[in-house]
Structure formats: C-alpha cells, structure tokens
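Following: one structure in structure tokens, then a few remarks.
The values are calculated or read from the model by the stated rules, or taken from the named source; none is laboratory data. Computed from a prediction, not measured in an experiment: that's the story for all the values here. Neighbour counts are summed over all protein chains in view; Cβ atoms, including those assigned to glycine, are modelled from backbone coordinates with ideal geometry. Surface areas here come from the heavy atoms of the whole protein model, side chains and all, with no ligands, DNA or RNA. Shrake-Rupley method; radii C 1.70, N 1.55, O 1.52, S 1.80 Å.
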Amino acid sequence: MALLVSALLTPSVAAATVASVAAEPVPPPVLLAAVYRPSLDPVAYWVSEKLDGVRAFWDGQRLRFRSGRLIAAPAWFVAALPAHPLDGELWIGRGEFDAVSATVRRERPLDDEWRRVQYRLFERPPASDAASTEGGLDFTQRLERLRADVAGAGVPWLSVVEQFRVADHASLSRHLAAVVAAGGEGLVLHRADAPYLTGRSEALLKLKPLRDDEATVVGYVPGKGRWQGAVGALIVERADGRRLRLGSGLSAALRQDPPPRGARVSYRYTELTSSGQPRFARYWRLAEDF
C-alpha cells in the first residue's frame with residue numbers, strides 16, 4: 001500500500017509520506033490487566049495499590065508512553081536508569097493525575113515540576129537479547145531484580161511499588177477498603193508464578209469499587225438549560241463500535257472546551273447491563289496512553 005501511494009505522489013511528497021509512516025510510534029509490548037473476579041484465588045497473587053499516574057515504559061535508552069510516544073523527561077531523571085527495560089508509573093500522589101499528566105506531556109520538561117515525579121516500578125520486562133533467560137523468570141523473581149535495580153540506582157525518585165500477599169478474599173477486601181478510604185483507586189494483583197507476558201491476561205488483575213474503560217470522542221450533544229451554547233454530553237465510541245453519551249462528570253470548563261473528536265477518554269461505570277452497555281457511565285478524564 002505504501003509503495004502504491006508513493007507512486008502516485010511527487011518524489012518529495014512521497015519521501016515525506018514514507019518518513020511520516022516510519023516515524024509513527026510503536027506501542028511497547030506490555031501486560032494489560034483483566035478485571036478481578038471473586039472466583040479467582042487471591043492467595044496466588046502479589047497485591048499492590050493501583051496508582052493514579054501515567055504508565056511509562058523504559059526501553060533501556062528512552063522513556064515512552066504506553067502508546068509508544070517519547071516522554072520528554074529531564075536528562076537527570078533518566079540518567080540513573082539501567083540499560084535494560086523497566087515498566088512502571090510516573091506518579092506524584094493520590095488524586096494528582098491531572099498534575100502528573102500535565103508535567104510529563106510537556107515537550108520541554110520543567111525541572112521544578114519533574115522534581116515532584118516518582119517513577120514507581122512494577123515490572124521488569126526481559127531485554128530483547130536476554131529473552132531466553134530473563135523471560136523465563138516468574139514475577140516473584142523479577143520483583144527481586146527490580147529491587148536490586150532500585151538499590152543500584154540510588155536515586156529518591158525511583159522505587160518499586162509496594163507488593164504484599166493476602167491470606168484470603170476477606171483480607172483482600174479489607175486492603176481495598178483501606179486504599180479507597182485513603183483516596184486511592186483500587187488494587188492490582190499480579191500472579192506470583194507468572195512468566196513475563198504481554199497483552200491482556202488474568203496474570204494481572206485490577207480490583208476497583210468502580211469499573212472503567214476507554215472510548216473515542218466522535219461527536220457532541222448540544223447543552224440545554226444552564227448549558228445552552230455549551231456541550232451537554234460527549235458522544236463516544238467503544239472498542240466494539242457501540243456508542244454512548246457521557247454527560248455526567250463533565251466540568252463547566254470541559255463543557256465549554258471539550259476533548260476534540262478523535263481524543264481518547266476514560267469513563268467509569270458501575271456494571272454492564274445484560275446487553276453489554278455500561279450502567280451509570282460517567283466521564284472520568286482523558287485516557288492516559290498519550
């Protein structure tokens with residue numbers, strides 16, 4: 001297809017087009033969480049708090065968003081990172097997603113803002129030239145290597161997300177309640193004996209009081225009453241092609257200046273209906289895979 005398009009363009013335009021395609025970011029292969037089910041035994045998992053930050057993949061040389069786009073981190077921030085891959089969260093604190101999102105999306109990083117950012121690690125992907133050895137380690141073994149990485153770096157903004165084990169469902173529920181009461185999002189469970197995997201898998205689970213998903217903005221519903229002349233709701237399209245309206249959760253500022261068409265947004269809901277539609281869907285924020 002690229003050759004066919006190039007043949008229809010002038011040489012200079014064709015070269016620019018091919019260069020643009022070549023420069024398209026490639027998402028790093030990462031593990032994505034499935035939703036926790038009570039039928040699963042939590043004893044087999046390491047448990048940690050689900051941090052309200054921006055996921056960042058260190059490929060051994062550069063820091064990237066989940067989308068594959070480069071993160072313009074200060075040189076001092078990445079100087080101590082090892083020459084092999086890391087996966088984690090750029091995080092400031094509970095309820096500080098907007099602040100960390102604004103900081104890490106700047107094309108020119110501001111040192112004063114980045115001094116607040118922590119890189120909290122939760123996975124150690126195998127290096128491409130070591131897949132046959134490191135790829136066979138289970139998660140518990142990879143955790144030990146992560147802790148060694150942090151100790152070797154010796155910088156205060158690099159740490160491993162605290163991981164702990166639970167004895168049963170009741171213990172897991174108590175931890176969830178404590179985290180949510182303190183302003184956290186929920187919990188993440190990572191199977192202790194799992195090899196390094198990519199894609200969505202029950203080797204990694206998320207447990208929250210509310211479910212969430214992402215969708216693409218495709219249109220707007222005009223506002224009425226107090227929102228006359230503004231946006232009443234976003235029309236968004238889910239991955240399965242079905243659409244829904246997100247009006248609840250939109251601030252006055254967002255109604256005046258909504259996310260553009262094509263933007264990815266996150267929304268929360270209580271459960272899925274029998275037809276598979278989110279119940280009580282509510283706008284949450286811009287999606288974090290920038």
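Projecting the Cα atoms of Ile92, Pro29, Leu146 onto the dipole axis of the chain, where Lys and Arg carry +1 and Asp and Glu carry -1 at the beta carbon, places Ile92 farthest toward the positive end.
Under the combined filter of DSSP loop state and at most 15 neighbouring Cβ atoms within 10 Å, the stretch 156-261 retains these GluC sites (Glu not before Pro): Glu162.
Averaging the Cα positions of each part gives two centres, and for the stretch 182-212 and the stretch 56-75 these lie 22 Å apart.
Partners of Lys224 within straight-line reach, counting lysines whose Cα lies under 22 Å from its Cα and excluding those fewer than 8 residues away in the same chain: none found. Judged by the mean number of other Cβ atoms found within 10 Å, the most tightly packed of the peptides 51-58, 114-121 leads the ranking 51-58, 114-121. When the chain is treated as a GNM with alpha-carbon contacts under 10 Å, the residue of Glu24, Glu113, Glu123 showing the greatest mean-square fluctuation is Glu24. Taking Cα centre as origin and charging only the Cβ of basic (Lys, Arg, +1) and acidic (Asp, Glu, -1) residues, the dipole magnitude of the stretch 31-207 rounds to 300 debye. Leu286 contributes about 70 Å² of solvent-accessible surface, heavy atoms of the protein only, 1.4 Å probe. Modelled spin labels at Ala80 and Arg37, positioned 7 Å past Cα toward Cβ, are 4.3 nm from each other. GNM remark for the chain: springs join alpha carbons under 10 Å apart, and the peak mean-square fluctuation among Pro195, Pro222, Pro259 falls on Pro222.
Considering only Val188, Gly229, Pro42, the residue lying farthest towards the positive end of the dipole of the chain is Gly229, judged by Cα position with unit charges set on Cβ.
The phi torsions of the stretch 68-84, fed into the Karplus equation with coefficients 6.51, -1.76 and 1.60 and a -60° offset, translate into couplings of x, 5, 6, 9, 7, 7, x, 4, 5, 5, 9, 4, 8, 6, x, 8, 10 Hz, rounded to whole numbers, with Gly and Pro shown as x.
Note on exposure: Ser248, Ser201 ranked by accessible area (1.4 Å probe, complete protein assembly) read Ser248, Ser201, with the most exposed listed first.
Give the ranking of Leu207, Leu110 by solvent-accessible surface, highest area first, calculated with a 1.4 Å probe.
Leu110, Leu207
Highest-first packing order for the peptide set 141-149, 272-280 is 141-149, 272-280, based on the mean count of other beta carbon atoms within 10 Å.
Computed over every Cα-Cα pair of the stretch 32-101 and binned at 5 Å starting from 0, the pair-distance distribution P(r) comes out as 3, 13, 20, 20, 17, 13, 8, 4, 1, 0 percent. Backbone geometry of the stretch 228-235 corresponds, through the Karplus equation with coefficients 6.51, -1.76 and 1.60 at θ = phi - 60°, to 3J(HN,Hα) couplings of 4, x, 10, 8, x, 6, 8, 9 Hz, x marking Gly and Pro. Note on Arg124: accessible area approximately 20 square angstrom, rounded to 10, probe 1.4 Å, nucleic acids and ligands left out.
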